[in-house]
Amino acid sequence: MTDEAAAAAPAEPKIVDLDAGEDFAAQEIALSQPFKLGGVVYDSVTLRVPVGADYEAYTKKGADIDTLGLLTRFTGLPIEVLRRMPSADVKTLDFALGKLLWG
């Protein structure tokens, strides 16, 4: 294989070793309007990758799903931080999470 062909070949996906405590890569989202609340500066938010158990929990009949509740679960942020965040950034996080959950 030539160097050009090797460079053009798609990279093999990393195998995540869950047995060894590895986790799927999270997605870092930069906020368009950083802010400070409770002495903490929020300029980006990390979304963890949902797994099958998350999908199952939120697709069950009668599941109580709301945007801020989902974002709290997948960012680890307190709900008050999300409530005080500019709505454009909440929408950006919601869209990114939707892509992670539903593809």
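For this structure, a couple of remarks:
- Positions within the stretch 44-96 being under 21 Å from Q33 (Cα atoms) and among the polar types (S, T, N, Q), in sequence order: S44, T46, T67, T72, T75, S87, T92
- If you filter the stretch 58-86 down to residues that are closer than 23 Å to E22 by Cβ and in contact with an Asp or Glu (Cβ under 9 Å, 6 or more places away or on another chain), you find that the one that is most open to solvent (accessible area, probe 1.4 Å) is R73.
- Members of the stretch 30-84 found to be in a helix (DSSP H, G or I), in contact (Cβ under 8 Å) with a residue 12 or more places away in the chain and within 19 Å of W102 (Cβ to Cβ), listed by number: D54, Y55, Y58, T67, L68, L70, L71, R73, F74, T75
- Any hit, the stretch 87-101, residues being assigned to a loop (DSSP other than H, G, I, E, B) and either surrounded by 10 or more Cβ atoms within 10 Å (Cβ to Cβ) or small (G, A, S) (or both): no
- Number of the condition not met by A6 [criteria: (1) open to solvent by less than 80 Å² (accessible area, probe 1.4 Å); (2) modelled with pLDDT of 90 or more]: (2)
- Condition broken by Y55, with the remaining ones in (1) hydroxyl-bearing (S, T, Y); (2) open to solvent by 80 Å² or more (accessible area, probe 1.4 Å); (3) within 13 Å of the chain's Cα centre (by Cα) satisfied: (3)
The values are calculated or read from the model by the stated rules, or taken from the named source; none is laboratory data. Predicted, not measured: the structure shown is a model, and the values here were computed from it. Note that we place each Cβ from the backbone using ideal geometry, even for glycine, and neighbour counts take in every protein chain shown. With ligands, DNA and RNA removed, areas are computed over all heavy atoms of the protein, side chains included. Shrake-Rupley method; radii C 1.70, N 1.55, O 1.52, S 1.80 Å.
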